[in-house]
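To keep things clear, I will list the structure first and then write my remarks on it.
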Amino acid sequence: MNPEVARSYDYCRRVARQRAKNFYYSFLLLSTQQRSGMCAIYAFMRYCDDLSDEPGATRAPIERWRCQLEEALEGRFSGHPVWP
């Protein structure tokens, strides 16, 4: 596995372990590949949720995140640890 992808998965696993609480333990029943995928999905969605839940949240950070997602889908990664 590419080292950047491995670092991204490690970050996502840490987020899931620290923030998902009970969900994380259900991920342990999955294969390693499935668990990595679920942790990545959880970390991505958690960040989306945190952006919108912050007091005084505006659309600007959400719009930046959407743009970063579009760039990531095109293979250009922003440097956020969720992206490889």
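Per-structure values
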quantity: Inter-site label distance for Arg17 and Arg64 at 7 Å from Cα along Cβ, in nm; calculated: 2.8 nm
quantity: Structure-based [θ]222 nm, the chain - -39500 (n - 2.57) summed over DSSP H runs of at least 4, per residue, nearest 500; calculated: -23500 deg cm²/dmol
quantity: Potential extension, Ser78-Gln34 segment - 0.36 nm per residue separation minus Cα distance; calculated: 13.4 nm
quantity: With Cα atoms, 0 to 90° folded angle of helix 3-19 axis to the chain main axis; calculated: 90 degrees
quantity: Mean separation of Cα contacts under 8 Å (6+ apart) over length of the stretch 3-73, as relative contact order %; calculated: 27 percent
quantity: At most 16 other Cβ within 10 Å, DSSP loop - GluC sites (Glu not before Pro), the chain; calculated: Glu74
quantity: Net charge contributed by nearby residues that have their C-beta within less than 14 Å of Leu28 (K/R +1, D/E -1); calculated: +4
quantity: Share of Cα-Cα pairs in the stretch 3-73 lying beyond 19 Å, as whole percent; calculated: 41 percent
quantity: Partnerless cysteines, meaning none of the other Cys C-beta atoms lie under 4.7 Å away, in the chain; calculated: Cys48, Cys67
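Taken together, the values in this text are just the output of simple stated rules run on the coordinates, not laboratory data. Predicted model, so just to flag it, every value in this text is computed and none were measured. No Cβ is skipped: glycine too gets one built from the backbone with ideal geometry, and neighbour counts run over all protein chains shown.
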